[in-house]
Amino acid sequence: MIAKKGIEHARETVTYVIGEDTDLLVLLCHYAERRMNDLYLKSSKEGGKCWHINSVAEALGESICRVLPVVHALCGCDTTSRLYGIGKGAALRKVREDKCFLECIEAFCCQNGSKEAISSAGKKALVYLYGGKGNDTLDGVRKTMFCNKVVKSSTTVEFQTSFPQQPMQPNTTRSEFIVRSRNG
């Protein structure tokens, strides 16, 4: 709501949105429009950062801004846990460099996608994010990561420290819900 109001106001005049939340930065970049006036996200803390949203959105590019809320939710935000061993920077680089990963992430933005299609795209996105290839499965990637860790280790390797054991289905489902609810 705050981000959308900021965007609406920036259509008329230079606008400052005051806040601390990364969610605000993500949503402002996602909704930014090319022809709007200058829009800033300013920290309410003294000496805090001030982001020029127009410049950030331009630097990221339209395709990344379109999927930014998905990447943010998938990699951990206020309402989802972060993925083991994957930071937002790595996920953003993956979006820029891997067209297959980008296609999986774009499936979340489709308003009429079925739950099965979103689930499948989410699993495939996680495979790509963890270094898998097109035909790999999450279980296959998990096994490969564990085996690589065992081979490189000089001590006992505990399975839970090498890759999450639980299916990541809830993270992709929550990410879909977050993105759809924010898109209206």
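Every read-out reported here was derived from the displayed coordinates using simple, explicitly stated rules and does not represent laboratory data. Since the structure is predicted, the reported quantities are computational estimates derived from the model, not experimental observations.
Points worth noting:
- 3J(HN,Hα) couplings calculated from phi for segment 26-32 with the Karplus curve 6.51 cos²θ - 1.76 cosθ + 1.60 (θ = phi - 60°) are, in sequence order, 4, 5, 5, 5, 4, 8, 4 Hz; Gly and Pro show x.
- Spatial separation of Cα centroids for segment 72-151 and segment 1-71, in angstrom: 25 Å
- Considering only alpha-carbon pairs that sit under 8 angstrom and 6 or more positions apart, the relative contact order computed for segment 1-60 is 34 percent.
- Amide proton proximity set for Tyr40, modelled H, under 5 Å, gap of 5+: Thr15, Tyr16, Val17, Ile53
- Three-way shape label, segment 1-155, alpha-carbon gyration tensor, a/c 1.5: prolate
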